[in-house]
């Protein structure tokens, strides 16, 4: 087993809208998720979910076996990284906190969101529904969502970590309203194994080794 620590910075290129339940006390019909300091966040559950989805797509494309469903408890590389209902996940995913500028410069006085008007689209007709004007809160374009570290835990070996790294690189949309152009972003990360930073070349080689070994088949 190896000890894993991944720090993440998600740089938003368009506004991000990760919805939260309820909208009491605001003008918005849909508000964004925030932490206890009222700062916008990408919840750890979404970081895990989006990364798992990307990891399954990559594994499938490389000919590796993936679970048939979320409840599938078959021993695969996906289950060893992300867990299953019967197998506790070996990694913990932390929420990414949104700020303007460097993540170390968190200031509660910053205006970090915007309310955008939108309309509900009737999918059958492909036109706007009558009397369905909505107000949606989004985090500002250009924000950085970060956590240092964002993912911690243990994995069987660096080859499993390499698939996680590749999946994180592949995620380029966060939150909802993708059809409206929201949520485009790029990701920067630092990967540390047993206290030592890992280089992209080493992780690429480990991913090739995972495929050659046929892990999970």
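What follows draws every value from the coordinates through simple rules; no lab data is involved. Keep in mind that what you see is a predicted model, and the values were worked out from it rather than measured. Glycine gets a Cβ as well: all are built from the backbone with ideal geometry, and neighbour counts include every protein chain shown.
Side notes on the structure shown:
- Per-residue Cβ neighbour rank within 10 angstrom, fewest leading, 143, 1, 189: 1, 189, 143
- Contour minus Cα-Cα distance for residue 62 and residue 190 (0.36 nm per residue): 43.6 nm
- Ranked for footprinting exposure by Cβ neighbours inside 10 Å, fewest first, 76, 186 give 186, 76.
- Ascending count of other beta-carbon atoms within 10 Å, so fewest first, for 209, 69, 17, 95: 69, 209, 95, 17
- Each label was represented as a point 7 Å from its Cα along the Cα-to-Cβ direction; for residue 38 and residue 208 these points are 5.2 nm apart.
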